[in-house]
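Below is one structure, written out as structure tokens; comments come after it.
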Amino acid sequence: KRVSTEHHSEQSYLMLVVQLEMTARMYSSRERTYDQQASEIIFDTLNPESIYDSSRYAKVDLHYLRISEALFFLRRHIHHCRERDVSVTKIIVGRGDHSSGGVARLRPVVRDWLEGAREVEITKTLPGSYVVRIRGRRIW
């Protein structure tokens, strides 16, 4: 009878572990969804569609975004610029004044990405932003 009780206890424990793992996956998925929605709201608030105007100049503000989110929106912005034949864009990253320790985290990562991207060229570095020339239109 003792063996049976131990076996039942082990099965209950394994079922509990499986339920907890499933619950953890569900919450992790929800967290990613909410993070993505929050970054979209932040980006859309800082970057209304009117940023692409008829003067072939555009801008994008990447403030308040995590590095991975900022790089996603930067790539998307460059893609939109190329689709619209925008030749110059301003990439706003901030100076890092509000970063922990006052050390910019986003600025150097964006600069590295811009320097490594074939489709753009940094033409001017300003405090908290870069002015970038878009090289040639790309058909996607």
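The values are calculated or read from the model by the stated rules, or taken from the named source; none is laboratory data. Given the structure is predicted, the values throughout are model-derived calculations rather than measurements. No Cβ is skipped: glycine too gets one built from the backbone with ideal geometry, and neighbour counts run over all protein chains shown.
Observations on the structure shown:
- GLU83, sole failed condition from (1) touching a Leu at 6+ places or on another chain (Cβ under 6 Å); (2) exposed (fewer than 14 other Cβ atoms within 10 Å of the Cβ): (1)
- Subset of region 1-31 that is of a type in the set (D, E, K, R) and modelled with pLDDT of 80 or more - its residue that is nearest to HIS63 (Cα to Cα): GLU31
- Residues within region 108-134 that are touching a strand residue (DSSP E or B) at 6+ places or on another chain (Cβ under 9 Å), closer than 15 Å to HIS63 by Cβ and either surrounded by 13 or more Cβ atoms within 10 Å (Cβ to Cβ) or of a type in the set (Gly, Ala, Ser) (or both), tallied: 4
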